[in-house]
1. With the requirement that a residue be within 19 Å of Arg113 (Cβ to Cβ), among the aliphatic types (A, V, I, L, M) and in contact with a helix residue (DSSP H, G or I) (Cβ under 7 Å, 6 or more places away or on another chain), what does the stretch 10-40 give you?
2. Quick one: Glu44 ticks every box in (1) under 13 Å from Trp99 (Cα atoms); (2) open to solvent by 60 Å² or more (accessible area, probe 1.4 Å) except a single one, so which number is it?
3. Which of the residues that make up the stretch 11-28 are outside any helix (DSSP H, G or I) and either more than 19 Å from the chain's Cα centre (by Cα) or modelled with pLDDT under 85 (or both)?
4. Determine if the stretch 67-75 includes at least one residue that is modelled with pLDDT of 70 or more, open to solvent by less than 80 Å² (accessible area, probe 1.4 Å) and within 30 Å of Cys26 (Cβ to Cβ).
5. Of all residues being farther than 14 Å from Cys40 by Cβ and part of a strand (DSSP E or B) in the stretch 82-112, which is most open to solvent (accessible area, probe 1.4 Å)? Just the residue, please.
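The values are calculated or read from the model by the stated rules, or taken from the named source; none is laboratory data. Please read these numbers as outputs of a predicted model, since none were measured by experiment. Because the Cβ atoms are built from the backbone with ideal geometry, glycine has one as well, and the counts that use them run over all protein chains shown. What goes into the accessible areas is simple: the full protein's heavy atoms, side chains included, and nothing from ligands, DNA or RNA. Shrake-Rupley method; radii C 1.70, N 1.55, O 1.52, S 1.80 Å.
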Amino acid sequence: MPKLILQPLLENCFQHGFRERSDEVCRLRLTIGFENTALCIVVEDDGEGMSQERQRALEQALQSDSESFACFIRRSKHIGLRNVNARLCLHCRVAKAVWIDRSPLGGTRVTLRLPRGGRMAARAPRLTREGGSQAAQSFDCG
């Protein structure tokens, strides 16, 4: 796994999700495990969340990056997430590695899906809907 993959995701939680919440307790959840044929790494928060319009724009930017390297190098927005997606796509040889949606916590959820195999297979627990940790029980990687 490439270095510094989680740092931009965690930084986004603080810069965007918790920006207006200086006096409140903020929740951030990191879940790592396997589901089917993918290692899933999920970062989610209970911050402001993201509008559907902003989420669509970010998804479109990720799609454009995968279709054209020129789009990626000309980027001026969503640099951290786009960089994470591009690096994981190159490393894992996949077309897309980052998914964004609304978190059950109320904020944003970013899911990294990486093909299962290699050294990662022995380290992460299998995510299940029953049993396991509390985070794994409520986790939905699909």
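1. Hit for the stretch 10-40 is Leu39, nothing else.
2. Just one mismatch for Glu44, condition (2).
3. Of all residues in the stretch 11-28, those outside any helix (DSSP H, G or I) come to 18-28.
Correct list: Phe18, Arg19, Glu20, Arg21, Ser22, Asp23, Glu24, Val25.
4. Restricting attention to the stretch 67-75, the residues satisfying the condition of being modelled with pLDDT of 70 or more are 67.
Now drop any that are not open to solvent by less than 80 Å² (accessible area, probe 1.4 Å), which leaves none.
Looking through the stretch 67-75, none of the residues is modelled with pLDDT of 70 or more, open to solvent by less than 80 Å² (accessible area, probe 1.4 Å) and within 30 Å of Cys26 (Cβ to Cβ).
5. Out of the qualifying residues, it is Arg102.
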